[in-house]
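Peer 1: One structure, as structure tokens, below. Some questions next.
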Amino acid sequence: MRDFHRPGRSAVHVANGMCATSHPLAAKVAVQMLEAGGNAMDAALAGAVLLGICEPHMTGIGGDCFVLFNPPGEDRVLALNGSGRAPAGIDADALRAKGGVIAPYSADAVSVPGAVDAFCRLSRDWGTLGLKAVLAPAIHYAETGVPVAERAASDWAQADHLSGVARDLFLMGGQAPRPGQMFSAPGQAEVLRRIAMQGRAGFYEGEVAEDMVTALRARGGTHTLEDFAATACDYTEPVSGGYGGLELFEHPPNGQGATAILLLNILKHFDIAAMDPWGAQRAHIEAEATKLAYDTRNRFMADPDHMARLDYMLSPDTAANLAALIHPARAMPAGLPGAEAVHKDTVYITVVDKDRMAVSLIYSLFHAFGSGIASDKFGIMFQNRGAGFTLEQGHPNEVGPGKRPMHTIIPAMLKKDGKVMMPFGVMGGQYQSTGHARFVSNMTDFGLSPQAAIDAPRCFADGDVLNVEDGYGDAVKAALVDLGHKVQRPDTAIGGAQAILIHDDGVLEGGSDPRKDGCALGY
């Protein structure tokens, strides 16, 4: 139970269905879908697409998604990869000639958006209401507008790379909107109408696809109509690992979910539960484990068709060997993660319905407003997931025609004794794998409820610094400096989590991160 002497949110408890996400309007719409007879998939898709209007800097139909879910009445966890691919005409040698990395705010960084294909496939295969009903709320709000929320306005103001028509569509008088100011996207409303009527063809073929290809080619991209028409999502097999009596399910590569499992496997070699949960020792061990797990990720993680070391990442022996490198009283030299192209702009939504179908869905443009490039006619903002490729020759994540880049976004699910117990996710770009491990450890090692585990302070070893939130005391920060960490206060709060716990008696308990604008809501 929550300690009411400490600041934090109360958990939300309901008996029927629930949504937890980063914007209250999306949570409301998802619950309305459930009340109208839809299932968790209908609700998650309706809320996710609306988040692209409520938080257009974070996500949109020009982005990618990954999804975990269990069929109604079953404890099987299924996965769907809704990430797009590099265009067929991309040339690694030509990009190397331009510089050492793929320019993140260029057409070169735009992989073909995969989310719309995934949403159409999931609605057809697992939804009950159909695309017209699922997309109706987003169409309405894209047309009439939504008031910009506080955290969204703060993040919006930090994006300074919008170019061309994107500046006209997503800025107001050249400035980011203030909290409460109305934002609308009538061009996207029209695209969503076409998707509602024509399915994926309304996006990947015809006038909308022509608008996207024209915009990208005008900025030097190699994208073709054939690239868009060929886009297809894939059902995949989740990866899993155990910690503290729970089984953690993650999406397989090209997402970084295996990194969270590796990180927890490293932490098993330390008595985390005996440590002060907000003390220097736990923060230090987690930071060192993060450096090692992320270094492993950066060496091997890639498109699954080009990655040969997944079993190695998941092996207990790998974790044991890495754990042995951690010194309990000394930080390792900086620079192991080496991930200069990872950012924090993502949305996450989870829904559980009355039949206990659970959906864990993450959906993103990568950087804030992705590439900063929007299509001229319909105003579709393009992701820049291609910046997640490397130009290192021979690396499994080297950019190439038709390849999927390594992704930071990862949905998750927990099982206990073989039963689906909790869908959850932690937004925050590179932080996500550490965020998953920290969330699971908070619950299993320290007995925290989902909401308390979310509210708790966070730290994160990011490159050559250890970002430490204000919830840590000055003495802890000083102790971390003494251990050799370069401690700094992050520019914004670290990450943003959502979770729904399914109790044995059927009651749902939702947690939603106060670092974001959203909430858990149910009926």
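The values are calculated or read from the model by the stated rules, or taken from the named source; none is laboratory data. Nothing here was measured: the structure is a model prediction, and the numbers come from that model. As a convention, Cβ positions derive from the backbone with ideal geometry for all residues, glycine included, and neighbour counts pool all protein chains shown. For the accessible areas, the whole protein counts, side chains as well, though only heavy atoms, and no ligand, DNA or RNA atoms are used. Shrake-Rupley method; radii C 1.70, N 1.55, O 1.52, S 1.80 Å.
Peer 1: Run down the lysines and flag those whose C-alpha is under 22 Å from the C-alpha of Lys416, throwing out any fewer than 8 positions away in its chain.
Peer 2: Straight-distance partners of Lys416: Lys268, Lys354.
Peer 1: Still on this structure, I have one more. Counting Lys and Arg as +1 and Asp and Glu as -1, what is the net charge of the other residues whose Cβ lies under 12 Å from the Cβ of Val165?
Peer 2: Net local charge, Val165 excluded: 0.
Peer 1: Taking the Cα centre of the chain as origin, sum charge times position over the Cβ atoms of Lys and Arg (+1) and Asp and Glu (-1), and report the length of that vector in debye to the nearest 20.
Peer 2: 360 debye
Peer 1: Once Cα Rg over 2.2 N^0.38 Å is worked out from the coordinates, which option in (1) 0.98; (2) 1.07; (3) 0.90 does it equal?
Peer 2: Only one option fits the structure, namely (3).
Peer 1: Can you list residues whose amide H is under 5 Å from Ser371's amide H, if they're 5+ apart or on another chain and H is modeled 1.01 Å from N?
Peer 2: Those lying under 5 Å, H to H, from Ser371 are Phe382, Gln383, Asn384.
Peer 1: Ignoring any ligand, DNA or RNA, what whole percent of the accessible area of segment 1-115 comes from carbon and sulfur when the probe is 1.4 angstrom?
Peer 2: Carbon and sulfur atoms account for 56 percent of the accessible area of segment 1-115.
Peer 1: Put a dot 7 Å past each Cα toward the Cβ at Asp504 and Ser163; how far apart are the dots in nm?
Peer 2: Output for this residue pair reads 5.9 nm.
Peer 1: In whole percent, how big is the carbon plus sulfur part of the accessible area of segment 273-427, probe 1.4 Å, protein atoms only?
Peer 2: Using a 1.4 Å probe with all protein chains present, segment 273-427 comes out at 50 percent carbon and sulfur.
Peer 1: Can you run phi through the Karplus equation (6.51, -1.76, 1.60; θ = phi - 60°) for segment 294-307 and list ³J(HN,Hα) in whole Hz, with x for Gly and Pro?
Peer 2: Couplings: 6, 4, 4, 4, 5, 7, 10, 6, 6, 3, x, 6, 10, 10 Hz.
Peer 1: Now, a different point. Roughly what % of DSSP beta bridges within segment 355-509 run antiparallel, to the nearest 5?
Peer 2: If we restrict to bridges inside segment 355-509, about 85 percent are antiparallel.
Peer 1: Give the carbon-plus-sulfur fraction of the accessible surface of segment 448-520 in %, rounded to a whole number; probe 1.4 Å, heavy atoms of protein chains only.
Peer 2: Here carbon and sulfur together make up 48 percent of the probe-accessible area.
Peer 1: Given a 1.4 angstrom probe, what's the average accessible area per residue across segment 59-179, in square angstrom?
Peer 2: The answer is 39 Å² per residue.
Peer 1: Under 20 Å Cα-Cα from Lys516, which lysines qualify once same-chain neighbours fewer than 8 residues away are excluded?
Peer 2: Lys28, Lys344
Peer 1: Relative contact order of the chain: what whole-number percent is it, with Cα pairs under 8 angstrom and at least 6 residues apart?
Peer 2: Dividing the mean separation by the residue count of the chain yields 27 percent.
Peer 1: Given points 7 Å out from each Cα along the Cα-Cβ axis, report the Asp234 to Asp276 separation in nanometres with one decimal.
Peer 2: Roughly 4.7 nm, to one decimal.
Peer 1: Also, I was wondering about something else. log₁₀ I(q)/I(0) of segment 325-474 at q = 0.08, 0.14, 0.17, 0.18 Å⁻¹, via Debye over equal Cα point scatterers, no solvent, to two decimals?
Peer 2: -0.31, -0.91, -1.19, -1.25
Peer 1: Taking the alpha-carbon distance from Lys486 and a cut-off under 19 Å, which lysines remain once sequence neighbours fewer than 8 residues away in the same chain are dropped?
Peer 2: Within reach: Lys291, Lys477.
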